[in-house]
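Right, one structure below, let's go through it.
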Protein chains: 2
Amino acid sequence: MYTGRYRTAYARDMTEFEKGPRGQRRGRGARERIVSASQQLFRDQGINRTGMNEVCAAAQVSKRTAYQHFASKDELVAEYLRRFDPDVMPGVFDRADLSPRERLLAAFAMPASTPLCPYIAAAVELHDPEHPASQYARDYKTAIAARLTETAREAGARNPEQLGEQLALLIDGAAARTRVLNHDSFPTAAAIAAVLIDNAIPAAPSEQSSDDRRAPGSAPVPIGG
Amino acid sequence: MYTGRYRTAYARDMTEFEKGPRGQRRGRGARERIVSASQQLFRDQGINRTGMNEVCAAAQVSKRTAYQHFASKDELVAEYLRRFDPDVMPGVFDRADLSPRERLLAAFAMPASTPLCPYIAAAVELHDPEHPASQYARDYKTAIAARLTETAREAGARNPEQLGEQLALLIDGAAARTRVLNHDSFPTAAAIAAVLIDNAIPAAPSEQSSDDRRAPGSAPVPIGG
């Protein structure tokens with residue numbers, strides 16, 4: 001089941017399909033149908049297990065039409081990843097009702113059915129850091145870390161870049177482990193995040209819950225050491 | 001480059017190939033060659049991108065021979081994962097020169113070229129928690145967490161199961177993120193691990209690198225808990 005964590009920008013386009021004069025779907029619709037079909041198939045059965053024939057059948061386009069829009073499957077894969085909403089995780093980061101600290105923790109409140117990050121999946125399947133899609137994957141991962149860093153700064157973290165990168169790694173770890181174990185690992189990641197956030201952000205006198213204990217004298221450790 | 005983090009049990013069998021009477025490789029050698037070829041191909045180019053034809057060519061066996069040993073590619077994939085050394089990460093956990101606390105940290109001192117955990121890769125590629133290989137993946141991941149838990153208990157952690165599971169998640173996060181970003185994320189994971197270990201293990205006044213320090217009353221436990 002797809003829970004919408006990874007929102008696709010083109011989802012907004014889906015209502016814009018237009019019918020041609022004789023009721024046939026027109027060109028622009030074809031391109032969107034191809035991308036939409038690939039999105040569902042890549043997510044549900046993997047990139048490498050999905051052939052162009054299958055995409056064409058699901059999109060109701062001819063192979064000729066498909067190759068007019070995408071010169072190769074690699075191009076379609078790149079477009080599939082490029083289309084994920086660049087405004088990362090708006091359901092978390094744009095919540096004005098939460099404090100910055102709460103928004104950082106909310107990033108780990110994923111439903112158990114959240115699919116593996118499509119960028120991790122693509123990186124595994126493509127096996128090629130030079131693939132045109134790989135740069136989109138890196139960009140997205142960098143964008144997530146940047147939003148976490150920005151929120152950590154708002155929350156008053158001593159070293160927001162470090163906390164942002166650490167929390168981004170936790171999200172990826174929970175996603176990967178959930179996939180392998182077929183068991184929700186986000187609660188474990190959330191517990192780690194709480195420790196890191198408590199260590200990185202000086203607590204307001206009454207804000208911290210009583211069972212959050214910080215080891216005296218434990219200092220932040222720099223990234224990359 | 002393969003650095004040997006994921007040691008394969010069958011690597012020890014590679015010297016045991018035997019020649020038949022006319023210098024042809026005999027049956028037992030064929031099975032090992034098939035598994036060995038699959039191991040290299042699956043790792044280097046992925047499971048789904050590797051066909052049985054390719055495995056047969058690399059292993060120098062006929063397709064008929066291959067299917068005598070493995071009824072399907074799925075069976076070969078399961079065997080590939082089953083063969084990874086069940087004695088997980090011996091280069092870390094069996095180091096008598098390190099204190100338990102140091103062994104926990106050593107689990108994050110991976111070379112930058114460490115490949116993505118083959119179990120994460122397989123889980124992504126297979127897209128099927130019911131695949132015969134998926135249980136091996138879960139078993140291995142559980143075994144890693146159990147060894148971390150055992151070491152955490154030796155080190156005197158207040159809640160060793162929790163710390164073990166947390167550290168296991170960090171390793172998976174670093175592996176996944178390193179793959180996507182094509183940049184070593186293990187130092188970030190190591191920094192998080194240091195914070196978690198400091199929080200979970202009461203620090204002795206002057207201890208950092210002295211020998212085995214066991215909390216009073218904590219006893220070694222068998223793997224698999």
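Per-residue shielding of A:123-131, expressed as the average number of other chain Cβ atoms within 10 Å of the residue Cβ, stands at 6. Ranked for footprinting exposure by Cβ neighbours inside 10 Å, fewest first, A:Ser99, A:Ser185, B:Ser36 give A:Ser99, B:Ser36, A:Ser185. Legend: distances between Cα atoms for A:Lys141/B:Lys141; A:Lys73/A:Lys141; A:Lys141/B:Lys73; pairs beyond 27 Å are A:Lys141/B:Lys73. Counting Cβ atoms of other protein chains within 10 Å of each Cβ in A:183-194 and taking the mean gives 3.
Across the identical copies, the 7 Å label point of B:Asp97, projected outward along Cα→Cβ, sits 5.7 nm from its counterparts, in ascending order.
Taking the Cα centre of segment A:90-200 as reference, the dipole from Cβ charges on Lys and Arg (+1) and Asp and Glu (-1) amounts to some 200 debye. Distances between placed amide hydrogens fall under 5 Å for A:Phe84 paired with A:Ala9, all partners being 5 or more residues away or on another chain. Tell me whether segment B:29-166 comes out rounded, prolate or oblate; compute the Cα gyration tensor, take square roots of the eigenvalues as a ≥ b ≥ c, and use a/c under 1.5 as the rounded threshold. It comes out prolate by the Cα gyration axes. Here the Karplus relation 6.51 cos²θ - 1.76 cosθ + 1.60, evaluated at θ = phi - 60°, turns the backbone of segment B:157-166 into coupling constants of 5, 5, 10, x, 4, 5, 5, x, 5, 5 Hz, with x for every Gly and Pro. Highest-first packing order for the peptide set A:39-51, A:160-172, A:137-149 is A:160-172, A:137-149, A:39-51, based on the mean count of other beta carbon atoms within 10 Å. With label points defined 7 Å past Cα in the direction of Cβ, position A:Ala143 shows copy-to-copy spacings of 4.0 nm, given to one decimal and shortest first.
No value in this document is a laboratory result; all are computed from the given coordinates. Owing to the predicted nature of the structure, the values given are computational and were not obtained by experimental measurement. Note that we place each Cβ from the backbone using ideal geometry, even for glycine, and neighbour counts take in every protein chain shown.
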